[in-house]
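The values are calculated or read from the model by the stated rules, or taken from the named source; none is laboratory data. Please read these numbers as outputs of a predicted model, since none were measured by experiment. So basically every Cβ, Gly included, is an ideal-geometry build from the backbone, and we count neighbours across all protein chains shown.
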Amino acid sequence: MSDIKNLAILGCTGSIGRQTLSVVDAHPELFRVRAITAGSDEKALNEITAKYSPQYSALIARDGDEANVTASMLDSVDTVVIALTGMKAIFPLRAALKAKKRVALANKESIVCGGELLKAELDENRERLFPVDSEHSALFQCIQGLSSRSEISRLILTASGGPFREYTRQQLDGVTSADFLRKDG
């Protein structure tokens, strides 16, 4: 079995997508880009396609959201990097997990918003899901060395991003879950 990871990078022109490509560039012995998608930046997608020669390339603005699902399920892909924002990731995440792919997920909204839809796949494939951005990755890394989850008494998220990222400590003290649900973010 090869140690090379065959990647689908959904959202390849965004920040996380480009960071993923820089890791590929730094470790070509470990990674191959097999599929890429981009939202609307056709020029950047064309440049990335020319450089990496993936088997599958799609522009969501032209090809539709289903292209992310298609890329997630390709037989030539074993690892799907989901660098999509918000709820756009729900269906490709579900497809990748159903297809037994390893998933590097760069957003938490898909799980927060699509939890019920994703529950069966998450329960069955939890070991295939890896958070790769923001607080959820930091928490994941912190708990890796624990022998039992019962060692955790609480987890604290710092509001380093999202709708309250510019709030002062004093302002954060008064934030409720109802405020969060009303806030654009």
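What's the number of the only condition in (1) over 21 Å from V132 (Cα atoms); (2) surrounded by fewer than 17 Cβ atoms within 10 Å (Cβ to Cβ); (3) without any contact (Cβ under 8 Å) to a residue 24 or more places away in the chain; (4) not aliphatic (A, V, I, L, M) that S57 fails to meet?
So S57 meets the others, but not (2).
Looking at N125, N107, which one is within 28 Å of R32 (Cβ to Cβ) and either at pLDDT below 75 or loosely packed, with under 11 Cβ neighbours inside 10 Å (or both)?
N125
Can you tell me which residue among S72, S110 is in the same structural domain as R32 (by TED's automatic domain parsing) and in contact with a Pro (Cβ under 8 Å, 6 or more places away or on another chain)?
Result of the check over S72, S110: S72.
Any residue that is in a helix (DSSP H, G or I), in contact with an Asp or Glu (Cβ under 8 Å, 6 or more places away or on another chain) and touching a residue at least 12 places away in the same chain (Cβ under 8 Å) - is there at least one of those in region 12-21?
yes
Select, from I143, I152, the only residue that is modelled with pLDDT of 75 or more and closer than 26 Å to V103 by Cα.
Among I143, I152, only I152 is modelled with pLDDT of 75 or more and closer than 26 Å to V103 by Cα.
How many residues are in a helix (DSSP H, G or I) and in contact (Cβ under 8 Å) with a residue 60 or more places away in the chain when one looks only at region 65-95?
Matching residues across region 65-95 total 4.
Restricting attention to region 33-51, does a residue exist that is in contact (Cβ under 8 Å) with a residue 40 or more places away in the chain and in a helix (DSSP H, G or I)?
The answer is no; no qualifying residue exists.
Here are A50, A35: which of them is over 30 Å from P163 (Cβ atoms), surrounded by 15 or more Cβ atoms within 10 Å (Cβ to Cβ) and modelled with pLDDT of 95 or more?
Exactly one residue qualifies, and that residue is A35.
Looking at (1) surrounded by 14 or more Cβ atoms within 10 Å (Cβ to Cβ); (2) within 26 Å of N125 (Cβ to Cβ), find the lone condition where L45 falls short.
Looking at each condition in turn, L45 falls short on (2).
State all residues of region 76-121 that are among the aliphatic types (A, V, I, L, M) and over 14 Å from the mean Cα position of the chain (by Cα); if no residue qualifies, say none.
Result: V77, A99, L117, L118, A120.
Does L30 satisfy being buried (at least 19 other Cβ atoms within 10 Å of the Cβ), closer than 21 Å to D133 by Cβ and touching a strand residue (DSSP E or B) at 6+ places or on another chain (Cβ under 8 Å)?
no
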